[in-house]
1. Of [x] 4, 21, 32, 26, 12, 4, 1, 0; [y] 4, 20, 27, 22, 13, 8, 4, 1, 0, 0; [z] 4, 18, 28, 27, 16, 6, 1, 0, which is the value of P(r) over Cα pairs in 10 Å bins from 0, in percent derived from the coordinates here?
2. When a/c is below 1.5 the answer is rounded, else prolate if a/b is larger than b/c, else oblate, so apply that to region 219-369 with a ≥ b ≥ c taken from the square roots of the Cα gyration tensor eigenvalues.
3. Calculate how many DSSP beta bridges within the chain are antiparallel, expressed in % of all such bridges and rounded to the nearest 5.
4. Please give, to one decimal in nm, the separation of the simple spin-label points placed at residue 98 and residue 215, each 7 Å out from Cα toward the Cβ.
5. Provide the FRET efficiency to the nearest 0.05 for the residue 378-residue 453 pair, computing r from the beta carbons and using R0 = 25 Å.
6. Nearest 10 degrees, 0 to 90: what angle lies between the long axis of helix 162-186 and the longest principal axis of the chain (Cα atoms)?
7. Given the C-alpha centroids of region 255-327 and region 390-411, what is the distance between them in whole angstrom?
8. Determine the relative contact order of region 186-336: mean sequence separation of Cα pairs under 8 Å and six or more apart, normalised by residue count, in whole percent.
């Protein structure tokens, strides 16, 4: 079995892996795990290290970002930030809007702004867990950084003064390359170029203003022997193809873009992809079952070649840890252990049928919920179709682990992952939807065995 780090790096390179890797994008959420505010977290090397190590301990990930903060470069170049208790800092001023010129700005180095804190934290994180999991270094993309420096005037100047925007983006490209260099020297395995504001521009504008710079950044990262990913959020579906043409190793997207579409486009270019568990509806406000359901659907679409399971973006500060642990249990095939340890079954008992003395063959299908989980739906459909030929010699029942009785049944059957088909109490198909003919053959065998035993 490949190590967690090897799984991420192989999937990043669009290779087939034995298990889908899991990279929770823990940013300000790490602050909540160690009981500090987001502001206290982002301003302290000790807190950053402590928070990432706590996420590693709780969530058994295959990779983690060392930091999720897209304002580090901007702050080091003179942008004022507003810090918050439960969110990453926000840019509140734009130097180029306030009279400064590009010539007044300098590419920040290791001693500017919060870079000393960030780099020291990265080094320690890489030293402590970098041999076990893949560590991501997040670099602000050139378009988003340009917007931090210039403000929303950039959208008008792209039309009226494109030469000025090109000059600014060339400068921001150099900042990104320098930041990537510092992060790689600190020990990170993967440089993620995070450019969320590109969702606001057309493919033509992306190709003109973003693509040449992003391509050069990825070429630089590749020349250093490191992996790369292009992060975008928002409805950037129209720009996925342009992102692929920039030749990153990987593209990571959020819930605004269908994962099926991203897989289709990325496969044409040999680019791996990641995402896109819903951040608020699922991770922040959902139940553990909701999180397993969302992750299961993503994994079914993503498959075992060139796919990395992750949230759509930086996880919200107050994301319940149990929701993240539920996803971890699904990834590692430890759903039963998670459900048993989560105290869901107080006062609940489930008595299995006496399979040997039952006249019918009993098929138990353990699912999240076939009405909302695509793999579970297709497994139930296979059972229904395969059982048609046997009339009243067979009965089947779905056990949904989103309710307590379903969890109790799962544990009683000894099922460790979902969806699973059991025939007369024997586990037959685990997370694999059988061909209807194959399933029909298994049912026929059970029916014949039971008929023989009753004679």
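1. [y]
2. Values: a/c = 2.76, a/b = 2.04, b/c = 1.35.
Cα axes put region 219-369 in the prolate bin.
3. On the way: 11 of 43 bridges.
Around 25 percent of the beta bridges assigned by DSSP in the chain are antiparallel ones.
4. 3.6 nm
5. On the way: r = 32 Å, r/R0 = 1.27.
It comes out at approximately 0.20.
6. 60 degrees
7. If you average the Cα positions of each part, the centres end up 27 Å apart.
8. Numbers: 247 pairs, mean separation 28.9, N = 151.
Relative CO of region 186-336 lands at 19 percent.
Each value in this text was obtained by applying a stated rule to the coordinates, not by laboratory testing. Please read these numbers as outputs of a predicted model, since none were measured by experiment. When we count neighbours, we look across all protein chains shown, and the Cβ atoms used for this are built from the backbone with ideal geometry, even at glycine.
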